[in-house]
């Protein structure tokens, strides 16, 4: 009898240890995050979508996936010293064709690695079109900034609790496929989770409540795949120097992120102030969106500050194209149909591969150590 009891206890202990080994890991300790960041170069890059894609579907669907253009445009990024790209995925790409999506994402990562670029992959996004669907996408709306971008998940999928297992399957599936892949820099769990973009005002509170419920789950789903890369979600509005003034969404983002990320389209003084606010968290910091010339956010103003504080810097846009994000935000109210903006809002290169401003690419090369020469882009 005693032997039986001892045997049962040993089995139970073994099962307990095994279960602990399979449990989702916790947020990285600050020391682990610092050690990871110390192994990286100074991270400089752009939010990347190829110039022939209007949104995440056109970038990765089989019918419109364009490896040769990805190769050429990532070559432009490499030529000025960029070493990372922030790349948006979409949950319906997984739902539609998980194996095909993984193959195309793997192919994209191979192209990026060829150019010494390690992408930060974005899983969910609360901005713009609320009813996304795979297949053919509508053409750009003339004169409108980012007229075809889509949310992930869409409004229906977000608010339908019965759809949640599919969102979990997407996160676990994608992260598991690349969890130990050194070509991936990290995972951006949710872009601007509480952004109202695309939703009518009456729908926003319900959307935010649901996002706040899903956001920590999404972090847990990603962690259940035991990724070797860090997780993050960028804070973008509010006062980050006083926890009492932070929104519920911001609190979740800051509490769950292994490395801290943020967005800032303000003047240099504001950019620096936000960095100082976030330094109190004692974790590595990456700015995953900046550079809107007409709003006062420029390479000249923000990039030297980022380098001063060893903060990663990922601007919005690389090559002008179907997203039309070289047009300013006010194009949503006043489309630029019969006029061009006084200054481009986003983007670094024209479609003919020439820089919008030569001084800017020279500055990026100088700060990244690439030099001021102009090597030919790869991939042709």
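If you take the Cα centroid of segment 142-180 and the Cα centroid of segment 204-235, the two points sit 12 Å apart.
Among 337, 171, 150, the residue with the largest mean-square fluctuation in a Gaussian network model of the chain, with springs joining Cα atoms closer than 10 Å, is 337. Angle of helix 204-224 to the longest C-alpha principal axis of the chain, folded into 0 to 90 degrees and rounded to 10: 60°.
Answer rounded, prolate or oblate for segment 228-290, using the Cα gyration tensor with square roots of eigenvalues a ≥ b ≥ c: rounded when a/c is under 1.5, else prolate when a/b is larger than b/c, else oblate.
Oblate, because a/c is 1.5 or more while a/b does not exceed b/c.
In the chain, the longest principal axis of the Cα atoms and the axis of helix 164-178 are about 80 degrees apart. Would you mind telling me which residue in 156, 346, 226 has the biggest mean-square fluctuation in a Gaussian network model of the chain, where springs connect alpha carbons within a distance under 10 angstrom? Its mean-square fluctuation being the largest, the pick is 156.
Stretching the chain fully between residue 181 and residue 273 yields a gain of 29.7 nm (0.36 nm per residue, less the alpha carbon separation).
With semi-axes defined as the square roots of five times the eigenvalues of the C-alpha gyration tensor, the equivalent ellipsoid of segment 114-202 measures 25, 19, 12 Å, largest first.
Spatial offset of segment 254-276 relative to segment 32-74 amounts to 21 Å, using the alpha carbon center of each.
Largest GNM mean-square fluctuation among 261, 302, 162, using the chain with Cα springs under 10 Å: 162.
Across segment 210-269, C-alpha contacts under 8 Å between residues 6 or more apart give a mean separation that, scaled by the residue count, equals a relative contact order of 40 percent. The calculated Kirkwood hydrodynamic radius for segment 28-157 is 15.9 Å, given to one decimal from all distinct C-alpha pairs. Estimated from helical segments only, the mean residue ellipticity of the chain at 222 nm is -12500 deg cm²/dmol, where each DSSP H run of four or more residues counts as -39500 (n - 2.57). Helix 268-279 and the longest principal axis of the C-alpha atoms of the chain enclose an angle of approximately 10°. Using only the Cα atoms of segment 155-221, build the gyration tensor, take square roots of its eigenvalues as a ≥ b ≥ c, and label the shape rounded, prolate or oblate: rounded if a/c is under 1.5, else prolate if a/b is larger than b/c, else oblate. Prolate is the answer for segment 155-221, as a/c is 1.5 or above and a/b outweighs b/c.
Across segment 251-363, the mean sequence separation of Cα contacts (distance under 8 Å, 6 or more residues apart), normalised by length, yields a relative contact order of 23 percent. Pair-distance distribution of segment 45-100: all C-alpha pairs, bin width 10 Å, starting at 0; shares per bin in whole percent are 23, 49, 24, 3. Among the listed values (1) 59, 47, 35; (2) 60, 46, 45; (3) 88, 47, 42, the one matching Cα extents along the principal axes in Å as calculated from this structure is (3).
In whole percent, what relative contact order does the chain give with Cα contacts below 8 Å and a gap of six or more residues? Don't skip to the end; give the middle numbers.
Values: 715 pairs, mean separation 82.7, N = 380.
Relative CO of the chain lands at 22 percent.
Packing here is the average count of other Cβ atoms within 10 Å per residue, and on that basis the peptides 119-128, 359-368, highest first, run 119-128, 359-368.
All of the numbers you see were taken from the coordinates with simple rules; none came from a lab. Predicted model only: the values in this text are computed from it and were never measured. Neighbour counts are summed over all protein chains in view; Cβ atoms, including those assigned to glycine, are modelled from backbone coordinates with ideal geometry.
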